[in-house]
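Contents: one structure, followed by commentary.
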Amino acid sequence: MRYAEGPRVCCDVHIEADPSRVWGLVTDIGLPALLSPELQRAEWLDGAEGPAVGACFAGYNRHRLIGEWRTVSHVVELEEQQAFGWAVVDPDGRYGDPVPDPAKPLATWRFELEPEGTGTRLRQFARIGPGRSGVILAIERTPEREEEILAFRIAELRTNMETTLRGLKALAEKAD
């Protein structure tokens, strides 16, 4: 596994709730901060009040190895009750030159919903790169450990995503 290959991770869960209920949860950008060990908070930018292609939101993150940082995410995909995707950029230059262009993301994320039986199959995808991130900084320090570094980060992402999906499932299945 190499950074240049765009390592990916996907997790999924069946939720016993209709897609419209699940959709309301996955498009609430503040909700993952309550569920994720890494994302601390998120807020819409430039007057955006909700998801729309082209809308941006800031994410404030914390990781035990690299500290705290801010990213900006650009909504790049929005299909009502089907898909919500965003490209994460480094506008502050934490990992090199500032990169505000969503065509060069440090990561890309996506939720995908599919009706399944009496509920919804919810999938969450993440792709690392191709832009610079904390992962590339670690690889540059010890290039001979690239595969190990990537495997570690993919495992972290998988754990965080599974935690988020379990939380979304619990919220969606909770009686009103």
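Below are the figures for this structure:
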quantity: Subset tally (residues that are of a type in the set (Ser, Thr, Tyr), outside any helix (DSSP H, G or I) and within 20 Å of Ala107 (Cα to Cα)) for the range 120-176; calculated: 1
quantity: Residue match in the range 142-158 (condition: more than 28 Å from Gly54 (Cα to Cα), of a type outside the set (D, E, K, R) and at pLDDT below 95); calculated: no
quantity: In the range 60-107, the residues that are buried (at least 17 other Cβ atoms within 10 Å of the Cβ) and among the β-branched types (Val, Ile, Thr); calculated: Thr71, Val72, Val75, Val76, Val88, Val89, Val99
quantity: Any hit, the range 56-72, residues being assigned to a loop (DSSP other than H, G, I, E, B), among the small types (Gly, Ala, Ser) and within 14 Å of the chain's Cα centre (by Cα); calculated: no
quantity: Positions within the range 85-118 being of a type in the set (Lys, Arg) and under 24 Å from Thr27 (Cβ atoms), in sequence order; calculated: Arg110
quantity: Residue match in the range 44-52 (condition: in a loop (DSSP other than H, G, I, E, B) and touching a residue at least 60 places away in the same chain (Cβ under 8 Å)); calculated: no
quantity: Candidate set from the range 162-176 (those that are at pLDDT below 95 and either under 14 Å from Arg127 (Cα atoms) or of a type in the set (D, E, K, R) (or both)); member that is nearest to the chain's Cα centre (by Cα); calculated: Lys174
quantity: Hits in the range 57-82 (condition: over 16 Å from Pro32 (Cα atoms) and touching a strand residue (DSSP E or B) at 6+ places or on another chain (Cβ under 7 Å)); calculated: Glu68, Trp69, His74, Val76, Glu77, Leu78, Gln81, Gln82
quantity: Selected residue (criterion: farthest from the chain's Cα centre (by Cα)) from residues of the range 140-161 that are of a type in the set (Val, Ile, Thr) and surrounded by fewer than 19 Cβ atoms within 10 Å (Cβ to Cβ); calculated: Thr142
quantity: Given (1) part of a loop (DSSP other than H, G, I, E, B); (2) free of Cβ contacts under 8 Å to residues at least 40 places away in the same chain; (3) not small (Gly, Ala, Ser), index of the condition Gln81 fails; calculated: (2)
quantity: The range 57-77, subset in contact with a Leu (Cβ under 9 Å, 6 or more places away or on another chain) and of a type in the set (A, V, I, L, M, F, W, C), residue farthest from Trp109 (Cα to Cα); calculated: Ile66
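The values are calculated or read from the model by the stated rules, or taken from the named source; none is laboratory data. In this text, all values refer to a predicted model and were calculated from it rather than measured experimentally. Virtual Cβ from ideal backbone geometry, glycine too; neighbours counted across all protein chains shown.
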